[in-house]
1. Scan the stretch 76-83 and give yes if some residue there is of a type in the set (D, E, K, R) and within 20 Å of the chain's Cα centre (by Cα), otherwise no.
2. Can you say whether residue 293 is in contact with a strand residue (DSSP E or B) (Cβ under 7 Å, 6 or more places away or on another chain), modelled with pLDDT of 95 or more and either acidic (Asp, Glu) or under 25 Å from residue 231 (Cβ atoms) (or both), as far as the supplied structure shows?
3. Within the stretch 57-84, how many residues are crowded, with 16+ Cβ neighbours inside 10 Å and outside any helix (DSSP H, G or I)?
4. Step by step: first the residues of the stretch 263-277, then only those that are open to solvent by 10 Å² or more (accessible area, probe 1.4 Å) and out of contact with any Asp or Glu (no Cβ under 6 Å at 6 or more places or on another chain), then the one that is nearest to residue 47 (Cα to Cα). Which residue is that?
5. Residues that are in contact with a helix residue (DSSP H, G or I) (Cβ under 7 Å, 6 or more places away or on another chain) and surrounded by fewer than 17 Cβ atoms within 10 Å (Cβ to Cβ): does the stretch 354-372 have at least one?
6. Over 16 Å from residue 365 (Cα atoms) and either in contact with a helix residue (DSSP H, G or I) (Cβ under 9 Å, 6 or more places away or on another chain) or modelled with pLDDT of 95 or more (or both): which single residue out of 465, 452, 441 fits that description?
7. Can you find a residue in the stretch 140-157 that is within 25 Å of residue 56 (Cα to Cα), in a loop (DSSP other than H, G, I, E, B) and charged (D, E, K, R)?
8. When you look at residue 204, is it touching an Asp or Glu at 6+ places or on another chain (Cβ under 9 Å) and either of a type in the set (Lys, Arg) or at negative phi (or both), yes or no?
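The values are calculated or read from the model by the stated rules, or taken from the named source; none is laboratory data. Because the structure is a prediction, the values reported are computed rather than measured. Note that each Cβ is placed from the backbone with ideal geometry, even for glycine, and that neighbours are counted across all protein chains shown. Surface accessibility is based on the protein's heavy atoms, side chains included, excluding ligands, DNA and RNA. Shrake-Rupley method; radii C 1.70, N 1.55, O 1.52, S 1.80 Å.
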Amino acid sequence: MKCFLYAPFLCLCLLFSLEKSYGFEGRENAENHHSHTIETSSLFPSTSCKSSTKILSNNDTKASLKVVHKHGPCSTLYQDKTIAAPTDKEILLQDQSRVKSIHSRLSNSKTSGGNDVKVIDATTVPAKDGSVIGSGSYIVTVGLGTPQKELSLIIDTGSDITWTQCQPCARSCYKQQEQIFDPSQSTSYTNISCSSPVCSSLTSATGNDPGCDSSTCVYAIQYGDSSFTIGFFGAEKLTLTPTDAFNNIYFGCGQNNQGLFGGSAGILGLGRDNLSVVSQTADKYNKIFSYCLPSSSSSTGFLTFGGSASKNAKFTPLSTSVGPFFYGLDFTGISVGGKKLAISASVFSTAGAIIDSGTVISRLPPAAYSALRASFKKLMSKYPLTKALSILDTCYDFSNYTTISVPKIGFFFSSGIEVDIDVSGVFFASNISQVCLAFAGNSDAKDLLIFGSVQQKTLEVFYDGSAGKVGFAPGGCS
């Protein structure tokens, strides 16, 4: 996710027989109209990969890639034991940094009336080592260069620039699982000159004026508090599938990169700016892409460019009230246990809302979160509460239970649709004695509502940028 620098420098199963079609490894045993009954063991991922039953097809109008959790057994990064997975507290800390940077960016754009841009000196190094990133949990593998090199990139709807670490790593490269990309070994790589209009367009895509080094355009992006990537801006051949390759895709070739990227090689920018992969491939895919984030880190999902939405998808317009940076939504309500909560519509309109693949835990306006928590706790009153986990303040001890009944949660949008959150998107489970409601409240009523990745699990999320709408369908991963 890109953000303005404010530091120096840079479903749900209707019947048991349908459970697999909804992608949740929870083996729901029973379900009434307003709750799920699940086995507590299903709250935790398996140690082995369980691939989706969905067949990823490619044709003239679409290209599909497998999505995996970067720290799960379906990821090649998982096998590299020298790359440590973050703890639950670290994940939530990183997530909070991402949210703060999103809120800061929106706040800066509103107060400055536009881009809060800082001029970047290509030789400057941030004062402190990058340690917090929160750029997202899910990766795809793409090909870059000629001959192509396979790279695992984090998918991020909050980022516009696609980038990867590049040799010779002039300043710093973090540890990644794959061999670092060497542009000198690719016959299709070209640098972008400082005088190019494309170089100038980095200002809107990154929030920073580009730098210049020996007439070559220099980009810089900072994430969260202090993690960053700096390098040359270039053009290269990007291969999505054996039949879908694009020449001269603009990307960042990082020479100075620091942060916890989880061993991935960089980021695949799926944002709304003209420099995102979505925009750069618009001639073929018409700014259409979709994904399904798997139910757990031990299962798989997909990212598809182009194609059409599932027949049962429900659509809502993209909102322009949050500016051009993010995929805005007009959020209107929440239901718990089949009942729509009594929350004033102004609570949601005051905050504004976006959907973001890189934010883990959904953030709600204070009044909305209070109402959700109160209703959820009332319906879960038979289960013992336990201590909070970082930003998650409603946690349960299920040590003495093999099955639990979980209230359904739904989101309402301006088009009148209700999107049911899959049962895999209700909890963030640290261990059996600390399973937490996977929502958090913002501290300020004006802070942006964020529809995060946990709540998006198993949904097919279909972005139609050309038509200005987003669709949701259940059971998307299978």
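1. Scanning the stretch 76-83, I find no residue that is of a type in the set (D, E, K, R) and within 20 Å of the chain's Cα centre (by Cα), so the answer is no.
2. It is false that residue 293 is in contact with a strand residue (DSSP E or B) (Cβ under 7 Å, 6 or more places away or on another chain), modelled with pLDDT of 95 or more and either acidic (Asp, Glu) or under 25 Å from residue 231 (Cβ atoms) (or both).
3. 16
4. Checked the stretch 263-277; the qualifying residue nearest to residue 47 (Cα to Cα) is 272.
5. Within the stretch 354-372, not a single residue is in contact with a helix residue (DSSP H, G or I) (Cβ under 7 Å, 6 or more places away or on another chain) and surrounded by fewer than 17 Cβ atoms within 10 Å (Cβ to Cβ).
6. Result of the check over 465, 452, 441: 465.
7. no
8. Yes; evaluated as a whole, the condition is true for this residue.
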